[in-house]
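Trainee: Here's a structure for you.
The values are calculated or read from the model by the stated rules, or taken from the named source; none is laboratory data. In this text the structure is predicted, and so the values were computed from the model without any measurement. In this analysis, Cβ positions are derived from the backbone assuming ideal geometry, glycine residues included, and neighbour counts consider all displayed protein chains. All accessible areas refer to the heavy atoms of the entire protein, side chains included, with ligands and DNA or RNA removed. Shrake-Rupley method; radii C 1.70, N 1.55, O 1.52, S 1.80 Å.
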Amino acid sequence: MCVFCKIANHEIPSNAVYEDNQVLAFLDINPVTKGHTLIIPKKHYDNFLDCDSETVKHIHTIAKQLTLHYQLVLKPNGFNLLSNMNGAAGQSVFHVHFHLIPRYDENDGLVLLFNHDDSVQYTKAELNQLILK
């Protein structure tokens with residue numbers, strides 16, 4: 001059984017900030033900022049593509065509620081909400097989870113950079129393939 005399943009089943013303690021019959025939200029054991037929270041479905045899914053849309057929708061609803069609450073309590077300057085899918089994207093626990101990360105300034109513990117890559121070019125055919133129809 002994966003570590004997040006054990007946390008969801010209360011076999012491993014966590015600092016839960018929200019729980020219902022589908023979802024558990026708890027403070028990250030290795031936070032990058034104050035309030036860094038993980039939101040997981042209690043049912044095991046490897047990543048968000050495996051997770052049914054209703055569960056993902058519910059997770060996002062809870063993320064929004066926590067964000068509104070944290071704005072009042074923690075008073076950050078912003079938030080990141082992200083989910084890593086597969087090892088190439090940094091997923092280290094293969095149970096779908098979303099990070100809700102309050103942001104205080106550009107010098108906090110999260111470094112998220114989007115470096116423009118001039119080598120990325122698209123042909124007309126590639127652009128047409130990328131259009132969701």
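Trainee: Given a 1.4 Å probe, how much area per residue of the chain is accessible, in Å²?
Mentor: 67 Å²
Trainee: Ignoring any ligand, DNA or RNA, what whole percent of the accessible area of segment 1-89 comes from carbon and sulfur when the probe is 1.4 angstrom?
Mentor: 54 percent
Trainee: Once the Cα atoms of helix 53-73 and of the chain are each reduced to a long axis, what angle between those two axes, in degrees from 0 to 90 to the nearest 10, is obtained?
Mentor: Roughly 70 degrees, rounded to the nearest 10.
Trainee: Classify segment 1-71 as rounded, prolate or oblate from the Cα gyration tensor: take a ≥ b ≥ c as the square roots of its eigenvalues, call it rounded if a/c is under 1.5, otherwise prolate when a/b beats b/c and oblate if not.
Mentor: In terms of gyration-tensor shape, oblate.
Trainee: Sort 32-44, 73-85 by the packing proxy (mean of other Cβ within 10 Å over each peptide's residues), most packed first.
Mentor: 32-44, 73-85
Trainee: Another one. Excluding residues fewer than 8 places away in the same chain, name every one of the lysines whose C-alpha is closer than 26 Å to that of K57.
Mentor: Leaving aside lysines fewer than 8 places away in the same chain, those within reach of K57 are K6, K34, K42, K43, K75, K133.
Trainee: In whole angstrom, and with the biggest value first, how far do the Cα coordinates of the chain range along each principal axis?
Mentor: 51, 34, 24
Trainee: Once the whole set of protein chains is in place, how much accessible area is left on D46, using a 1.4 Å probe, in Å² to the nearest 10?
Mentor: So the heavy atoms of D46 present about 70 Å² to solvent.
Trainee: I would also like to ask the following. Using 7 Å Cα-to-Cβ label points, what is the D108/I12 separation (nm, one decimal)?
Mentor: 2.4 nm
Trainee: In the neighborhood of N9, defined by Cβ-to-Cβ distances under 14 Å, what is the net charge if each Lys or Arg adds +1 and each Asp or Glu adds -1?
Mentor: +1
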